[in-house]
Every structure is written in C-alpha cells, then in structure tokens.
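Trainee: Starting off with a structure, shown below.
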Amino acid sequence: MRSSGLLLHVSSLPSEWGIGDFGPPATAWIDRLADAGQRWWQFLPLSPPGRGNSPYEPFSTFALNELFLSPDWLVEDGLLQKSELPAAQPSSTRVDYPAVITLKHGLLELAQTHFRGAARPDLRQAFDQFCQAQASWLDDYALFRALRIAQGDREFHAWPPALLHHDPAALALAEARGQLSDLFDRFRLGQFLAHRQLLRLREHARSRGVGLIGDVPFFVSPDSSDVWAHPELFLLDADRRPQFVAGVPPDYFSADGQLWGEPLYDWDALRRTGYQWWLARIGTVLSLVDLVRLDHFRAFAAAWHIPAGATTAVHGEWRPGPEADFLAAAQARLGSLPLIAEDLGLITPDVIALRDQFSLPGMRVLQFALDDDPQNPFLPEHYPPNVVAYTATHDNQTTRAWYESLGEEARRRIWTCIGHPIEPTDAAWELIRLIWESKASLAITPLQDLLNLGADARMNWPGRPLDNWNWRATPEHLDSPAFERLRALTRQTGRITP
C-alpha cells in the first residue's frame, strides 16, 4: 500500500518551553499530519544528545531525551503544579540548548520532589516495574549521568581510574551510587516519565492512523554509558579510548570524508554473545515506534576504520561487519524486520546484496539524482516499489536552497525530470510531486521542503561540529496552506489510506 509522510525531529516542534516535546506539541503535529492525509511521522534518534547536541552521539543508545518531557503532561500526572511552570515563551526558530537544559532539568527535579512526596500509587507501581524491566541499561545510564555531573561534566575518560573502569562489584562504584542516589534516582525517574509520555503519544498516533518512524544510529558516542559499561564490545585501548574511529571516505558531502569519531565494534565479541546488546537496542526502539531506520546500513557489510588521532577521514580501511549473520539473528528474535536500510553514500554490491537478501527497503534521495548517468538509481523513474523516497534528509540542504545553488546545466536536468522549467520558488514542491508520483511505496519530505524554506532552515551540516540540530518550526508554519496542497497531492497520487 502506497503511503507518505513528513520528516521532522521532536526538537523542531513549536512549543512554549524552548524545544518540542512528547506532549501537546507532538499530538497537535500528529493531528496536522492526519488531517493532511499523511500516514507517517519520521523523526531522528530520541536518545539524550551528547557532543554538539547531536542525536547521533547520545549518552545512551537505550535512553530517551529528558528534554522531550512535556511539562503539561507532568502537571496532568500531578508531578508539577501549574504555578511552578515558568511563564510561557513565544516559540523561537532555534533551540537554545543551555537554557532548555536548565529549564527541563529543573522541572524534573521538582517532579522528583513531588513523586517522592505524594505520587499516585499507580505511578509508583509503574515506576518500580519500569526500573525492574529496564535495569540492564537503566542503572548504568542513570549512574553514568550522575557521575558525569559529579565529575564536573567531564567525559568519562577523564574520571578517576576507580570510576573509569566500570566494575559493578567495585567498592568505588557502590559508594558513588550511594552518594549520588538523588541524581541516580532522578535520571531513572526521567526515563520512566519519558517512556510513559512517548507511549501515550504513540497511542494518540495510532488513533489517528499515523505511524512513527524511529532511527537507530549505527555507532554510539565514545562518551556514553554504552561504552563505559560495555567496553568489551568495542575496539578500545587500555584507557577505554577508541583504537579506531568511525567515518566515511571522501563523498558527496566532503572532499576530506567525514570523521565522526565514534568507536568501532568488536564484532567477534558481539557474535559470541549472540548480538544480545545490538538486538536489545533495536528491540527497545521498536517497542516505542512502528518502523525503524537503520542508520549507516552499509557498515553491516563493512565499516571505514580510521586510525585514532587522524585529522581527516581520507586514510583508513574497510573492515567487514557482521553481514547476514546479524540480520538473521535479528529476524529470529524479532520475528520480522520492520526496518529501513539507510543505504546512502559509497554503496558497494555486497551492501545491496545484504539489503535485498532480507527484502529491506532502501532510501532514494532526489537531490542525489543530478549527474550525467541516465541509469542513476536516484532518478524517480528508477524507483522500485520497495524503497522510501525523499526529496532530502536531515543531512541535506533544504531543497529550495539546494536548487538555488545549482548551475544552469544542473537545473536543466531537473527540468527534464519535471517536464518544464521551474523557478526556485517552485522547486521544492515540484520535487515533492515527483517522489509522490513515483512507484516508491513510501514517500517522505522534510517539513522544511513542504514549506519551501531556505538555507536558514537546514538541520545538519555533515562534518561541521557546531551550530547543528537546533532549527525549529513556528506555529505559523503548521498553519500553512501547504498542508492542504499536500493532502490534495496525496489523494491524487493514491497515497491516502481509505
């Protein structure tokens, strides 16, 4: 069944609290999608972001971002009083992360006080059950965050050796957990409340016929509870620092390649465990959403290993990943594979074979269709049904800004696809129309493209460490007549579910 949707991260939703959240801003957005005939909402990873506020470098791959807690729903649960909320602020077009962190963590601290004092019995029981069910990752995450604060917000590699080397039986860790019990419990409570709110949001989405598409980054941050608690799963030195770091060789985005800096996996060690940690992280995300995008899918076939200390990603080597062995294990555990393979970048035949062996839909990004090759797989006429088609992703320039940057020859190639010349003001809509008309079973466009926004609305510049991930929509954006136009196109192209 053909369908369509929009790409927008939770942080980008308009709200009164400096950042989007799982509460009324998200339910209103889901209603907007449903009214526009859209079947899917895709967002970026929901984990707590670390370095550079990137959702692809989280403090934990299992945890949710406490900044997405809805103050309004905390009031509904009796964990905040309306009088304790700050004055509502006009929704800005940028997330001020330092201000939002101060606000949301202050509200979580207040919620913890109310929870300890007079929480409803059903909330206490649900919290205890959550902590027991999620203990395998939750306790490490909560202690990691508490220790990080106690250590002056330093990365864990700079902690004293007794804390750096995670040993659950070590006296130092037991003492730290006792001394930091208030912070430890606060982060556990934050996770319970975030999961509770996201599950409530998912039920609302289901009631409106909207599915949620989550995202699992392939790599994890070197400064994360995952690496701290499970060093045996990564290629690390004696000081728990990466021996090799992740990235990609020179590509569409950068002549020097992209140097991401995350540690690489020890796949032999993971294989000996039956890939339990990896399967658990996918299963955790799937318990909260309906479909998952597997970021950097090509690394399941082979990953680019860059020696630690390198200043660019030019020099490295491809080393094999787990290949079909892992996906077969995932299929056996999950029963099915509701996954999207992010198969962009330098894709070799082994990556395509791996994707097709498990019938996973790949991705087609229309902005990548501009070269002289009439067989370019990103041209809409070459889309098979089992793909997800995009005008752009969070890593691309907005389509309007991208089109404005093109030369005359490149624009003419676009005109050939469309069938007539277009002005920059029409480019985003015409490319949306192309992928909606294609054979792709699922078509998705970023909200920025639907609204025909320019370069200021870009979400991420790959390879740039600062000033990313902070764009936000405004309430006026969500009132745009473009949604009615999208509904008409969706109906016309047979993508509205009866």
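Trainee: May I ask you to verify whether residue 108 is aliphatic (A, V, I, L, M), within 25 Å of residue 139 (Cβ to Cβ), at pLDDT 95 or above and in contact with a helix residue (DSSP H, G or I) (Cβ under 7 Å, 6 or more places away or on another chain)?
Mentor: Yes, satisfied.
Trainee: Within segment 355-371, which residues are in a helix (DSSP H, G or I), charged (D, E, K, R) and either touching a residue at least 12 places away in the same chain (Cβ under 8 Å) or in contact with a Cys (Cβ under 8 Å, 6 or more places away or on another chain) (or both)?
Mentor: 355
Trainee: Inspect all residues belonging to segment 116-123 and state whether any of them is over 21 Å from residue 288 (Cβ atoms) and in contact with an Asp or Glu (Cβ under 6 Å, 6 or more places away or on another chain).
Mentor: Checking segment 116-123: not a single residue is over 21 Å from residue 288 (Cβ atoms) and in contact with an Asp or Glu (Cβ under 6 Å, 6 or more places away or on another chain).
Trainee: Out of everything in segment 1-39 that is outside any loop (DSSP other than H, G, I, E, B) and among the small types (Gly, Ala, Ser), what residue ends up being nearest to residue 200 (Cα to Cα)?
Mentor: Among residues in segment 1-39 that are outside any loop (DSSP other than H, G, I, E, B) and among the small types (Gly, Ala, Ser), the one nearest to residue 200 (Cα to Cα) is 26.
Trainee: Consider residue 445 carefully, then state whether it is under 23 Å from the mean Cα position of the chain (by Cα) and under 29 Å from residue 91 (Cα atoms).
Mentor: Considered against the rule, which asks whether it is under 23 Å from the mean Cα position of the chain (by Cα) and under 29 Å from residue 91 (Cα atoms), residue 445 comes out as yes.
Trainee: Would you mind telling me which numbered condition in (1) outside any loop (DSSP other than H, G, I, E, B); (2) surrounded by fewer than 20 Cβ atoms within 10 Å (Cβ to Cβ); (3) within 26 Å of the chain's Cα centre (by Cα) residue 417 fails?
Mentor: (3)
Trainee: Also, quick follow-up: Search segment 398-409 for residues that are free of Cβ contacts under 8 Å to residues at least 24 places away in the same chain and pair each with any residue that is assigned to a loop (DSSP other than H, G, I, E, B) and of a type outside the set (Gly, Ala, Ser) when their beta-carbon atoms are under 8 Å apart and the residues are at least 6 apart or on different chains.
Mentor: Final answer for the pair search is 405/397.
Trainee: Given the criterion of a type outside the set (Val, Ile, Thr) and more than 23 Å from residue 52 (Cβ to Cβ), identify the matching residue among 153, 167.
Mentor: Of 153, 167, the one residue that is of a type outside the set (Val, Ile, Thr) and more than 23 Å from residue 52 (Cβ to Cβ) is 167.
Results for (1) modelled with pLDDT of 95 or more; (2) surrounded by 17 or more Cβ atoms within 10 Å (Cβ to Cβ); (3) farther than 27 Å from residue 40 by Cβ, shown as yes or no for each residue.
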{"residue": "356", "(1), (2), (3)": "yes, no, no"}
{"residue": "360", "(1), (2), (3)": "yes, yes, no"}
{"residue": "363", "(1), (2), (3)": "yes, yes, no"}
{"residue": "375", "(1), (2), (3)": "no, no, yes"}
{"residue": "382", "(1), (2), (3)": "no, no, no"}
{"residue": "385", "(1), (2), (3)": "yes, no, no"}
{"residue": "391", "(1), (2), (3)": "yes, yes, no"}
{"residue": "398", "(1), (2), (3)": "yes, yes, no"}
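Trainee: If I filter segment 435-453 down to residues being part of a helix (DSSP H, G or I) and of a type outside the set (D, E, K, R), which single residue comes out as surrounded by the most Cβ atoms within 10 Å (Cβ to Cβ)?
Mentor: Checked segment 435-453; the qualifying residue surrounded by the most Cβ atoms within 10 Å (Cβ to Cβ) is 448.
Trainee: While we're here: Which of the residues belonging to segment 373-412 are aromatic (Phe, Trp, Tyr) and closer than 20 Å to residue 2 by Cα?
Mentor: 378, 383, 390
Trainee: Please go through segment 214-251 and give me each residue that is of a type outside the set (A, V, I, L, M, F, W, C), assigned to a loop (DSSP other than H, G, I, E, B) and under 21 Å from the mean Cα position of the chain (by Cα), ordered by number.
Mentor: Passing the criteria: 217, 221, 222, 223, 224.
Trainee: Residue 451 fails exactly one of the following numbered conditions: (1) at pLDDT below 95; (2) in contact with a His (Cβ under 6 Å, 6 or more places away or on another chain). What is the number of that condition?
Mentor: (1)
Trainee: Restricting attention to segment 40-73, which residues are in contact with a strand residue (DSSP E or B) (Cβ under 9 Å, 6 or more places away or on another chain) and either outside any loop (DSSP other than H, G, I, E, B) or surrounded by fewer than 22 Cβ atoms within 10 Å (Cβ to Cβ) (or both)?
Mentor: If the condition is that a residue be in contact with a strand residue (DSSP E or B) (Cβ under 9 Å, 6 or more places away or on another chain) and either outside any loop (DSSP other than H, G, I, E, B) or surrounded by fewer than 22 Cβ atoms within 10 Å (Cβ to Cβ) (or both), then 40, 41, 42, 49, 50, 51, 58, 67 are the ones that fit.
Trainee: Do you know which of the residues in segment 74-106 that are in contact with a Pro (Cβ under 8 Å, 6 or more places away or on another chain) and assigned to a loop (DSSP other than H, G, I, E, B) is surrounded by the fewest Cβ atoms within 10 Å (Cβ to Cβ)?
Mentor: Among them, the one singled out is 85.
Trainee: Sort through 103, 80, 108 and tell me the only one that's over 20 Å from residue 287 (Cβ atoms) and more than 26 Å from the chain's Cα centre (by Cα).
Mentor: Sole residue among the options that is over 20 Å from residue 287 (Cβ atoms) and more than 26 Å from the chain's Cα centre (by Cα): 80.
Trainee: Within segment 261-354, which strands (runs of 3 or more DSSP E) (wholly inside it) include 2 or more residues that are surrounded by fewer than 19 Cβ atoms within 10 Å (Cβ to Cβ) and free of Cβ contacts under 8 Å to residues at least 60 places away in the same chain?
Mentor: 317-320
The values are calculated or read from the model by the stated rules, or taken from the named source; none is laboratory data. If you're wondering where the values come from, they're calculated on a predicted model, not measured in any experiment. Here Cβ is always computed from backbone atoms with ideal geometry, including for glycine, and neighbour counts include all displayed protein chains.
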